[in-house]
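> Structure provided below as structure tokens; questions to follow.
The values are calculated or read from the model by the stated rules, or taken from the named source; none is laboratory data. Nothing here was measured: the structure is a model prediction, and the numbers come from that model. Cβ: placed from backbone, ideal geometry, glycine included. Neighbour counts: every protein chain shown. SASA here: full protein model, heavy atoms, side chains in, ligands and nucleic acids out. Shrake-Rupley method; radii C 1.70, N 1.55, O 1.52, S 1.80 Å.
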Amino acid sequence: MSWKAIDRNQAVVDADAPPLLSEGVREKILSYTHRYETKRAALLPALHLVQNTLGHVSWQAMVEIAALLDIQPSDVFDTLTFYTHFWTHPKGEKVITVCRSLSCEVLGGAAVLDALKARLGIEEHGTSSDGQYSLVTEECLAGCDHAPCMLINEKLHKNVKLDDLERILADGDNDRVDMPRSDLFDAPPVAESKQPASATEDDSRTTDD
Amino acid sequence: MAKIIIDNQELECREGMPVLRAALEAGWDIPHYCYHPGLSVAASCRLCLMEMKMPHPKTREMDWAPKLFPACQTPVRDGLEVRFNSDVVKTAQESCMEFFLLNHPLDCPVCDQAGECCLQDYSYKFGRAESRMVDPKVVNPKKDIGPHTLLYTDRCVTCTRCVRFTREIAGTGELCLVQRGSKNEIDVFPGRPLDNPMQGNVVDICPVGCLLDKDFLFKRRVWELTGTSSICPGCATGCSIRVDHADNRVYRLKPRYNPKVNDWWMCDEGRFGFKYTQDNARIIKPMLRRGREETSPSWREIPDIVRFRFQDHVRASSADKVVAVLSPFMATEEAWLLIRFIREVAPEAALAMGPVPVEGEPQAFPCAPPGAPSMPDVKFTILEEKCPNRRGIEQLLEVSGGTVLTFEAFSEQAAKGDFTAAWIVGGYPKPWVEKDTAKLGSKFGLLVVQDLFENKLTEAAAIVLPACAWVERDGSFVNAKGLAQPFERAISPPDGAMRDGQYLFEIAGFEGLYSGQRVRELMAEATASLTEVYEAPPIPAHAH
Ligand code: SF4
Ligand code: FES
Ligand code: FES
């Protein structure tokens, strides 16, 4: 064949690799299944859990989740990639999300993206060599009136100017959300001793009600 | 039954069926991609939008609702009024078509689907002539997604028919839809390719040239192909198929809708199983053997030669020393002609049926997902009996009476030398003459063998008659459920050969041209119950 085609017959997961998900994570995923009528419905909480534990959901993690929920790995691949929230490969410490929607586009969003690519030496979905930043784009960040916008982790940077980029990147607090918070927001959990041992796996607000 | 009004015309249809299906079946050519009658409704392509009358929220009077509704997702209710012929609907269709073509490479000249592509047809009928897109197109990759199938992602309209097929009918779920919005792509999980016994159907239901069959890739432009209605001989299920051929060569097989047997589907084994018909090793000439001497008589002489040789034999030994072994690959009509001839020259002749090939277990689809507690509703079955007409031959043997033997009993008696003259029909796509059967070759004074390929029996036979492949013949097969279905002749036999039906017709003493229909009429007097055949109702071409 004279053209290039991606060969999907090649496996990306080593069938003999030792399991990636810890016993604790597995048990947790299985415990989610009781909440729903079907096992497959536990897929989203499972993805959150794995991403929060491992930082991303790798191919092997997808296969293992599929096996736990009696679905096909392709089902996991399908659902996972629908949400840009989930990562299939490791991400940097901070994730920069540049808006690629209409208002930002007409007010220079693309230039911001290009400048960041050049500055960090990465393409979209890449991670800088020092592991500091990953770069992605997203549809409207809901800050159209201050376009162009970008997010660093959860902090929204509005009216981004090209010559301001250096300053923003250098600022260690560039992902700190200075929102007035209730003093309860960061308060320690009420009865600390009663927290389960796997507390680190529990920090996803979306997963656990 | 419900009465609905489409474009001012009244229509009677089954309550609850999608309005789109009712309209398509009644002859409306409504554009649609994601809807397929055999799959669940996705209502994602928005091509089938229509206007519908609803009670006005204030006055309660029935009036056209301001919003459009997908016809594929709107069930028929009595009194429903919809229309497709309004400007609003036409504009919606045009806009949808423009959207589908935004990133499409427009590579019809090199696309296999060209000529049977819904993008082409709909652009022509419902689209606009030019694109207003000024930005560079998104270029998506081509993917090799399995042993038989290629995926040209850039031609995809993301209707998800293929995905739903692997989930709902095959039950294997290899395909998925990854990413979102403008990055949507069909894909498989890397290393888990599309590889199930039914996968070829995704190519059939893909409305565009995105999913392509490697076997047919770049072989022939589809408008040069002629389709002939046929029945798949691959197993006893007997799926309705269409044989696509050109220049007397078969290029591909496609399933044909048959609500009693295969719905819209067929399996890969049947789909790709026609290759043996193109094998150069096939026997194509009749042959006569006298001692070491081999001659090839003309077809004109064959009926007399065969008849005289059998008559001589009966005179020399006796009529109960004659046997005919029918093949489960014969059409019922051909088998009837042979029985008629044999019982005419030797009224006491024994009849038997050759071995029935069985491979593995029946496979039901959708296959149960791993860990599923119970089997889902069976939508398709591939049977372990790999021949098309065991039932037909059995029924014929039953009504023919006289001595009827199993193949084992025949072999045993033949090995003891009980028969002096035999006519054995093969016609199996795979080698079928086992060691014990091979030894029988020398046990008859007169052996006529009718087969596709040479084997120990043809080597021993006094008369060898070429058998033809089913695409070269016509007649009917009775499937495992007892349904008799006619199949038509798609191509002519290879040069030198003659269709089995024709020479059997002449040998049995009839004049003129053989046709399945004609023989069924002849059969009707004697065996009326065997002559009723079921033909699946055709569906309009636009209701794909
Ligand atoms: S590959 Fe074909 S069937 Fe599958 S989503 Fe694309 S257009 Fe539809
Ligand atoms: S368009 Fe960029 S924030 Fe809305
Ligand atoms: S939305 Fe009705 S056919 Fe696609």
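> What's the local net charge at A:Leu141, with K and R +1, D and E -1, over the other residues with C-beta under 13 Å away? Spell out each step's value before the answer.
On the way: positive: A:Arg100, A:Lys155, A:Lys158; negative: A:Glu105, A:Glu138, A:Glu139, A:Asp145, A:Glu154.
Net local charge, A:Leu141 excluded: -2.
> Label the protein assembly as shown by shape, choosing from rounded, prolate and oblate, from the square roots a ≥ b ≥ c of the eigenvalues of the Cα gyration tensor; if a/c is under 1.5 it is rounded, and otherwise prolate applies when a/b is larger than b/c, oblate when it is not. Walk me through the numbers on the way to the answer.
On the way: a/c = 2.65, a/b = 2.10, b/c = 1.26.
In terms of gyration-tensor shape, prolate.
> I would also like to ask the following. Using modelled backbone amide H atoms (1.01 Å from N, in-plane), which distant-in-sequence or interchain residues come within less than 5 Å of B:Ala2's amide H?
B:Cys13, B:Arg14, B:Glu15
> Next question. Would you work out the charge dipole size for region A:94-171 about its Cα centre, treating the Cβ of every Lys and Arg as +1 and the Cβ of every Asp and Glu as -1, and quote it to the nearest 20 debye? Each step should come with its number before you reach the end.
Working: 8 positive and 13 negative charges, 22 e Å.
Rounded to the nearest 20 debye, it is 100 debye.
> Just give the residues from region A:5-35 buried by at least 20 square angstrom of accessible area in the all-chains context relative to the isolated chain, probe 1.4 Å, and say none if nothing qualifies.
A:Ala5, A:Ile6, A:Arg8, A:Asn9, A:Val12
> Further question: Run the dipole for chain B about the Cα centre, Lys and Arg Cβ at +1, Asp and Glu Cβ at -1, nothing else charged, and hand back the magnitude in debye, nearest 20.
Details: 64 positive and 73 negative charges, 158 e Å.
That gives a dipole near 760 debye.
> Separate question: Find the sum over both chains of the accessible area lost when B and A are paired, probe 1.4 Å, and report it in Å² to the nearest 100.
2500 Å²
> Now for a separate question. List, in the order given, every pair from B:Lys219/B:Lys435; A:Lys94/B:Lys183; B:Lys143/B:Lys254; A:Lys4/A:Lys158; B:Lys275/B:Lys481; B:Lys137/B:Lys254 whose Cα-Cα distance in the structure shown is over 30 Å. All intermediate terms of the calculation are to be shown ahead of the outcome.
On the way: B:Lys219/B:Lys435 40 Å; A:Lys94/B:Lys183 24 Å; B:Lys143/B:Lys254 23 Å; A:Lys4/A:Lys158 41 Å; B:Lys275/B:Lys481 27 Å; B:Lys137/B:Lys254 33 Å.
Those over the limit are B:Lys219/B:Lys435; A:Lys4/A:Lys158; B:Lys137/B:Lys254.
> Which distance in nm do the two modelled labels at A:Glu23 and B:Ala246 give, with both placed 7 Å along the Cα-to-Cβ direction?
In this crude spin-label approximation the distance works out to 6.5 nm.
> At 7 Å along the Cα-to-beta-carbon direction for both A:Met179 and B:Phe308, put a label point, then send me their distance in nm to one decimal.
Inter-label distance under the simple model: 10.3 nm.
> Something else about it: Keeping all protein chains in place, calculate the accessible area per residue for the protein assembly as shown (probe 1.4 angstrom), answer in Å².
Accessible area per residue, the protein assembly as shown: 47 Å².
> Given the Cα-Cα distance of B:Thr295 and B:Gln73 and 0.36 nm per residue of separation, how much length would full extension add, in nm?
Working: separation 222, 0.36 × 222 = 79.92 nm, distance 6.77 nm.
Contour length minus Cα-Cα distance gives 73.1 nm.
> Run the accessible area of region B:404-544 with a 1.4 Å probe and give the carbon-and-sulfur part as a rounded percent.
Reported share for carbon and sulfur atoms: 51 percent.
> Mind jotting down the distance between the C-alpha centroids of region B:112-132 and region B:248-321, whole Å?
With region B:248-321 and region B:112-132 each reduced to a Cα centre, they are spaced 44 Å.
> So, with a 1.4 angstrom probe, what is the percent of accessible area on region A:23-82 that is carbon and sulfur? Working shown, then result.
On the way: 1280 of 2350 Å².
Its accessible area is 54 percent carbon and sulfur atoms.
> For B:Asn140, what is the net charge nearby, where nearby means another residue's Cβ is under 13 Å from its Cβ and Lys, Arg count +1, Asp, Glu -1?
On the way: positive: A:Lys4, B:Lys137, B:Lys142, B:Lys143, B:Arg155, B:Lys183; negative: B:Asp107, B:Asp154, B:Glu185, B:Asp187.
Overall, the nearby charge balance is +2.
> With the full set of protein chains in place, find how many percent of the accessible area of region B:305-390 is carbon and sulfur; take the probe as 1.4 Å.
Working: 1870 of 3480 Å².
The computed percentage sits at 54.
> Right, something else. Helix B:390-400 versus the longest principal axis of chain B: what angle, 0 to 90°, nearest 10, using Cα atoms?
Its long axis makes an angle of about 50 degrees.
> Treat every Asp and Glu Cβ in region A:23-82 as -1 and every Lys and Arg Cβ as +1, leave all other atoms uncharged, and give the resulting dipole magnitude about the Cα centre to the nearest 20 debye. Show your work: numbers first, answer last.
Values: 5 positive and 7 negative charges, 28 e Å.
Around 140 debye, computed over region A:23-82.
> Sort A:Leu102, A:Leu21 by accessible area with a 1.4 Å probe, largest first. Could the numbers behind the result be given before it?
Details: A:Leu102 130, A:Leu21 10 Å².
Most to least solvent-accessible, the answer reads A:Leu102, A:Leu21.
> Sticking with this structure for a sec: Does any residue of region A:53-100 lose at least 40 Å² of accessible area with all protein chains in place compared with its chain alone, and if so which ones (probe 1.4 Å)?
Residues meeting the cut-off: A:Asp70, A:Gln72, A:Pro73, A:Ser74, A:Phe77, A:Asp78, A:Thr81, A:Phe82.
> Before anything else, pin down the relative contact order of region A:94-171: Cα pairs under 8 Å, at least 6 apart, normalised by residue count, whole percent.
38 percent
> If you don't mind, there's one more thing I want to ask. Determine the residues within region B:118-160 where the difference in accessible area between the chain on its own and the full set of protein chains amounts to at least 40 Å²; count protein heavy atoms only and use a 1.4 Å probe.
B:Lys142, B:Asp144
> Can you give me the three principal axis dimensions of region A:1-98 from its C-alpha atoms, in Å, biggest first?
Principal extents (Cα only, largest first): 51, 33, 27 Å.
> With only alpha-carbon atoms counted, please give the Rg and Dmax of chain B, in Å.
Calculated on Cα positions, Rg and Dmax stand at 28.0, 99 Å.
> Which net charge results for the neighbourhood of A:Gln60, defined as the other residues with beta-carbon distances under 15 angstrom from its beta-carbon, given Lys and Arg at +1 and Asp and Glu at -1?
Values: positive: A:Arg26, B:Arg192; negative: A:Asp14, A:Asp16, A:Glu64.
Spelling it out: positives minus negatives among the neighbours equals -1.
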